[in-house]
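Below you'll find the structure, written out as structure tokens, and then a few comments.
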Amino acid sequence: MLQLTRTFCWRRKKTTMADEREMRLQRLHALREQGINPYPNRVKRTHTISEILQHFDEWQGPEGSFTVTGRIRLMREMGKVAFMKIEDGTGSIQAFFRINDIGEKAYHMLKLLDVGDFVQVSGYLFLTRTGERTLHVTDFRILSKGLRPLPEKFHGLEDKEIRQRKRYLDLIANSDEVKNIFVIRSRTITAMRRYLDTLGFLEVETPILQPLYGGATARPF
């Protein structure tokens, strides 16, 4: 049985896929043992990340209060402070955690989180010494615990067949490249539909005749 360590989860050594899943399951059980629901029904969000970045200069300061949600893409710990990169469908922002602000119990709960988990973080905006736009976290909670690791960051997802068959994974691993293609395609189809609709055309989906039915990974029988 794998044991949880006192160090943060993003500091551990490389493991196999089976070991990684087992460790994530243990952290899932640890969250539940602490009375934390790793899959809550309700989510609170006051702003998207793109809205915060767009108005960052006018909104920054300790008097502000903002709540964002997103997937953890990067985590690192430095003693009594930790940093996290959070990404939603509109952009990404750095989150800053300090043990003095969120409390020792909540801070140590960070080690039960993994890259790929969805979280909700609340706090105010500030600039780091290096000029990084950051959310200073005063409260957070987990929204969804990921049980499978994301593709390795450096190499990404390179297998073309997997990228075609598992578009959801392709969008996660290659979001900058793939998302733009999906956005352009969606907007193009929407514009065509609106134009044809103004001319009185009616969209009808008709069956396609095939000698052999199939689709995706389906196998004929």
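General remarks:
- The stretch 9-144 - charge dipole about Cα centre, Lys and Arg +1 at Cβ, Asp and Glu -1, debye rounded to 20: 540 debye
- Net +/- balance of residues flanking Val137 in space, Cβ distance below 12 Å, scoring K and R +1, D and E -1: 0
- Per-residue 3J(HN,Hα) values for the stretch 27-39, derived from phi via the Karplus relation 6.51 cos²θ - 1.76 cosθ + 1.60 with θ = phi - 60°, read 5, 4, 5, 5, 4, 5, 5, 8, x, 9, 7, x, 9 Hz in sequence order (x marks Gly and Pro).
- The aspartates and glutamates whose alpha-carbon is closer than 17 Å to the alpha-carbon of Lys85, local same-chain residues fewer than 8 away aside, are Glu51, Glu77, Asp114, Asp117, Glu132, Asp139, Glu152, Asp176.
- C-alpha center-to-center spacing [the stretch 34-81, the stretch 108-185] in angstrom: 13 Å
- Spin-label zone in the stretch 50-72 - amide nitrogen under 17 Å from a point set 7 Å from the Cα of Arg187 along the C-beta vector: 50-51
- Stretch gain in nm, segment Met78-His55, where the contour uses 0.36 nm per residue and the Cα spacing is subtracted: 5.4 nm
- Net lengthening on full extension, Glu22/Arg42 (0.36 nm per residue, minus Cα-Cα): 4.5 nm
- Exposure proxy ranking, count of Cβ atoms within 10 Å, fewest first, for Leu112, Leu135: Leu112, Leu135
- Estimated distance in nm for a label pair at Ala30 and Lys105, the labels positioned 7 Å out from Cα along Cα-to-Cβ: 1.7 nm
- Using R0 = 35 Å, the C-beta based FRET efficiency linking Arg194 and Glu161 works out to 0.50.
- Across the cross-link table entries Lys105/Lys166; Lys44/Lys166; Lys111/Lys160; Lys111/Lys179; Lys44/Lys145; Lys105/Lys179, which are compared at the Cα atoms, the separations over 27 Å belong to Lys105/Lys166; Lys44/Lys166; Lys111/Lys160; Lys111/Lys179; Lys105/Lys179.
Bear in mind that the values in this text are calculations on the coordinates, not laboratory data. Keep in mind the model is a prediction, meaning the values are calculated, not measured. For neighbour counting, all protein chains shown are included, and Cβ atoms are generated from backbone atoms with ideal geometry for every residue, glycine included.
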